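The values are calculated or read from the model by the stated rules, or taken from the named source; none is laboratory data. Predicted, not measured: the structure shown is a model, and the values here were computed from it. With ideal geometry, Cβ positions are generated from the backbone for all residues, glycine too; neighbour counts draw on all protein chains shown.
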Amino acid sequence: MGILKEFLNKIKKESRAQLTEHAVIIHFRYGIDELDPLHQLERVLEKLISEKGVGVYDGHEIAMDYSDGFLYMYGPNAEELFKAVQPMLEKTEFMKGAIAHLRFGPPEDGVREIEVKLMDG
């Protein structure tokens, strides 16, 4: 029974890895002295991504001086994931002019990537 359980756990891990191979990473200018607006956007993105079943929202990084940051999202199809969140990002003031990096595969050399600039409003 132990060998079967190990095998099934390995399959689950591999399946999870395949579901999150593509990435959408958003680089944005922030410039707000508090994180509440960013956290509000994150909650909306998590809900959108979950409801549409296009991947997972993984979090953010923000500069110590709040000047800029990154949002991280992963799923099986970077284009579908980006299309799901793009309208909300473009409605968000601090996302104007942000750059979305779409990666179509695992993080390794030779994987196709594109950049999309969000509307400046």
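Residue 41 meets all of the listed conditions (1) of a type outside the set (Val, Ile, Thr); (2) touching a residue at least 60 places away in the same chain (Cβ under 8 Å); (3) touching a Ser or Thr at 6+ places or on another chain (Cβ under 6 Å) but one, namely (2). Looking at the stretch 29-36, can you tell me whether even one residue there is at pLDDT below 95, out of contact with any helix residue (DSSP H, G or I) (no Cβ under 8 Å at 6 or more places or on another chain) and surrounded by 14 or more Cβ atoms within 10 Å (Cβ to Cβ)? Scanning the stretch 29-36 turns up no residue that is at pLDDT below 95, out of contact with any helix residue (DSSP H, G or I) (no Cβ under 8 Å at 6 or more places or on another chain) and surrounded by 14 or more Cβ atoms within 10 Å (Cβ to Cβ). Return a yes/no flag: does the stretch 53-63 have any residue that is under 13 Å from the mean Cα position of the chain (by Cα) and among the β-branched types (Val, Ile, Thr). The answer is yes, given that some residue of the stretch 53-63 is under 13 Å from the mean Cα position of the chain (by Cα) and among the β-branched types (Val, Ile, Thr). Considering the stretch 43-97, the residues that are of a type in the set (Ser, Thr, Tyr) and loosely packed, with under 14 Cβ neighbours inside 10 Å include one that is nearest to residue 117 (Cα to Cα), namely 67.
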